[in-house]
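What follows is a set of notes on a single structure, which appears directly below.
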Amino acid sequence: MSTLPRLCRTSAPAAAGIVHLGPGAFFRAFNAVYTDEALRTRGGPWGIVAVSLQSDRAARTLRPQGCAYTSVALGTDGESTRVIEAISDVLVARDEPDHVLDVMADPQIKIVSLTITEKGYCHDPGTGDLRLEAPEIQTDLANPMRPATAPGLIVEALARRRHAGHLPFTVLSCDNLPDNGATARRIILAFARARDAALADWIEAECRFPSTMVDRITPATTADDIARVGALTGYHDPACVLHEPFRQWVIEDDFVAGRPAWDEAGAQFVTSVHAHEKMKLRCLNGTHSMLAYLGYLAGYETIAETVADPVFAALCDRVWQKEILPTVPHPEGEDLTAYVASLLARYRNPAIRHRTWQIAMDGSQKLPQRLLGTISDRLDQGGDVAGLCLAVAGWMRYVGGTDEKGAPIDVRDPLADALKTAARSGVSAAETVDRLLAIRAVFPPDLAKEPRFSDAVKAAYLRLENCGARNTVAELVAA
Ligand code: CS2
């Protein structure tokens, strides 16, 4: 138990205009920080009601401190701390679904934003379609007034607004998905259509789903972080969040009924986020996942430790230059060479302890947009994909659940059981790879049957088994 006084709110909360689903570390380091700055400069009814679907952790930690918390930017030259007061309340949908739906149906709420991670969309990451047959979706369709999923909550809230004659809200996806606005739209319309065609038609005509590109490296908060923030600020704040100084938010300016002045806080408003999204998902998240699997197998705990090893830094350079950048359209105002150089500097930041294990989570949901789309595009160009295929092989080796020293890996993934079974049932490396490539939720059939891809993954998988991750990476970058 901390002996420090509890952090406490100092200003009255703004009237709520946003409901945010998924109040994890990223939201507290990103959306709420931008909103806090917009509220401080321009004011307005844009307080945030943060809603967890299941966990009561955010409510338990934030509510006793009036929903204020400390945001700490960890730079290479020291840290800077700020108290964020943009959140006006925190609710848990599992415990009080009616209250959450009442808030979401209130016409004062103009935006429902989301950081629910890839799996929160209940979709098939390979195709982008809602998994209508998924048990949690079937349960929500059978009890639409007591939804437990994000699509279920959003559609029920929109149904109530339509019934009351109100405008819908803007759905603002802030997850690392391709075309995240369009993906959210497709899923919500599919869910609504399965409930009521007229409701789906109304949502299709009236609702807005702008896409966004979000970027700030934010590891999960640990007990050590809470103690460190206590030492820095003199307050006990279990809701604190530690992140890098860098941030970038690119948003399509298409809202039903206004938005906070996020541009005052540096957000970029554009008509299409497509090029920025490809740049970020492929260059940053693609290499993050690559470093997570191969770095973990090589025995590294964090991304900073992994890229401190020169062969891994060289691997990043190789895949950016030869494999990823040739597939990325040029976003206006960006210098792609400088962008990837700055990524390596961000990864190297020793103050950020971003665990390879954390990033390795939910690979089945991440691989398509982070690695597989790039591989398909690069193969279409007749280009090199050796590094990215090694990353896919690293994932396959990781989901088998045993590390290079024979110790178990705690694989967290909605498909963990199926992946482990597939990864362990092959009698040879080639057969193991074939079994994993047959998983349609992850690998599009055209790519899975492309020999330039499958042969490279098989060769890489065999090298990983025989020589270990570090040697395989060293061999590739020396070639
Ligand atoms: C990371 C991202 O955990 C992960 O999968 O790749 O959370 C990454 O840190 C952010 O997208 C950076 O903006």
Residue within the stretch 178-185 that is more than 16 Å from the ligand (Cβ to nearest atom) and among the β-branched types (Val, Ile, Thr) present: no
Within the stretch 1-113, strands (runs of 3 or more DSSP E) holding 2 or more residues that are within 16 Å of the ligand (Cβ to nearest atom): 69-75
Of all residues making up the stretch 373-423, the number that are within 16 Å of the ligand (Cβ to nearest atom) and among the acidic types (Asp, Glu): 2
Members of the stretch 335-353 that are surrounded by 14 or more Cβ atoms within 10 Å (Cβ to Cβ) and not in a helix (DSSP H, G or I): Asn349, Ala351, Ile352, Arg353
Pairs where the first residue, in the stretch 5-27, is open to solvent by 10 Å² or more (accessible area, probe 1.4 Å) and the second is of a type in the set (Gly, Ala, Ser) and within 16 Å of the ligand (Cβ to nearest atom), C-beta under 7 Å, 6+ apart: Gly22/Gly120; Ala25/Ala220
Pair list, Cβ < 9 Å and 6+ apart or interchain, from the stretch 413-424 residues that are closer than 21 Å to Gln358 by Cβ and in contact (Cβ under 8 Å) with a residue 12 or more places away in the chain to residues that are part of a helix (DSSP H, G or I) and open to solvent by 70 Å² or more (accessible area, probe 1.4 Å): Asp413/Lys119; Pro414/Lys119; Ala423/Arg435
Subset tally (residues that are crowded, with 22+ Cβ neighbours inside 10 Å and either in contact with a strand residue (DSSP E or B) (Cβ under 7 Å, 6 or more places away or on another chain) or without any contact (Cβ under 8 Å) to a residue 12 or more places away in the chain (or both)) for the stretch 123-136: 2
Any pair with Cβ under 9 angstrom, 6 or more apart, that starts in the stretch 355-374 at a residue that is free of Cβ contacts under 8 Å to residues at least 60 places away in the same chain and ends at one that is near the ligand (Cβ under 8 Å from one of its atoms): Met361/Ala292
Flag for Arg397 being among the charged types (D, E, K, R), crowded, with 19+ Cβ neighbours inside 10 Å and under 20 Å from the mean Cα position of the chain (by Cα): no
Residue match in the stretch 411-422 (condition: surrounded by 13 or more Cβ atoms within 10 Å (Cβ to Cβ), among the small types (Gly, Ala, Ser) and under 23 Å from the mean Cα position of the chain (by Cα)): yes
Tally of residues being more than 18 Å from Leu390 (Cβ to Cβ) and within 16 Å of the ligand (Cβ to nearest atom) across the stretch 285-327: 4
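If the requirement is being under 14 Å from Cys240 (Cβ atoms), out of contact with any Asp or Glu (no Cβ under 8 Å at 6 or more places or on another chain) and free of Cβ contacts under 8 Å to residues at least 40 places away in the same chain, which of these qualifies: Arg40, Arg57?
Arg57
Filter the stretch 74-84 for residues that are in contact with a Leu (Cβ under 8 Å, 6 or more places away or on another chain) and either surrounded by 20 or more Cβ atoms within 10 Å (Cβ to Cβ) or aliphatic (A, V, I, L, M) (or both) and give the result.
Residues satisfying the conditions are Leu74, Val83.
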Sole residue being more than 20 Å from Leu367 (Cα to Cα), not in a strand (DSSP E or B) and not aliphatic (A, V, I, L, M), chosen from Thr421, Thr472: Thr472
Top-ranked residue in the stretch 265-275 [being open to solvent by 10 Å² or more (accessible area, probe 1.4 Å) and not small (Gly, Ala, Ser); ranked as nearest to the chain's Cα centre (by Cα)]: His274
Of residues in the stretch 349-367 being hydrophobic (A, V, I, L, M, F, W, C) and farther than 13 Å from Tyr293 by Cβ, the one farthest from the chain's Cα centre (by Cα): Ala351
Residue match in the stretch 456-463 (condition: more than 28 Å from Ala314 (Cβ to Cβ) and outside any loop (DSSP other than H, G, I, E, B)): no
Residue in the stretch 374-390 that is within 19 Å of the chain's Cα centre (by Cα), assigned to a helix (DSSP H, G or I) and of a type in the set (S, T, N, Q) present: yes
Matching entry among Val328, Val340 (being under 21 Å from Ala478 (Cα atoms) and touching a residue at least 24 places away in the same chain (Cβ under 8 Å)): Val340
The lone exception for Ile111 - which of (1) in contact with a Gly (Cβ under 9 Å, 6 or more places away or on another chain); (2) buried (at least 19 other Cβ atoms within 10 Å of the Cβ); (3) within 30 Å of Ala441 (Cβ to Cβ); (4) of a type outside the set (Gly, Ala, Ser) it fails: (3)
Residues of the stretch 355-372 satisfying the condition of being over 12 Å from Trp395 (Cβ atoms) and either assigned to a strand (DSSP E or B) or within 8 Å of the ligand (Cβ to nearest atom) (or both): Arg355, Gln358
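Looking only at the stretch 373-394, which residues are among the hydrophobic types (A, V, I, L, M, F, W, C) and surrounded by fewer than 22 Cβ atoms within 10 Å (Cβ to Cβ)?
Leu379, Ala386
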Count - residues of the stretch 217-244 that are surrounded by fewer than 19 Cβ atoms within 10 Å (Cβ to Cβ) and within 13 Å of the ligand (Cβ to nearest atom): 1
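Of everything in the stretch 150-188, what is assigned to a loop (DSSP other than H, G, I, E, B), open to solvent by less than 10 Å² (accessible area, probe 1.4 Å) and not aliphatic (A, V, I, L, M)? Give them in sequence order.
Pro168, Phe169, Cys174, listed by residue number.
The values are calculated or read from the model by the stated rules, or taken from the named source; none is laboratory data. Note that the structure is a prediction, hence the values are computed from the model and not measured. Counting neighbours? That spans all protein chains shown, and the Cβs are built from the backbone with ideal geometry, glycine included. Note: areas computed on protein heavy atoms with side chains; ligands, DNA, RNA excluded. Shrake-Rupley method; radii C 1.70, N 1.55, O 1.52, S 1.80 Å.
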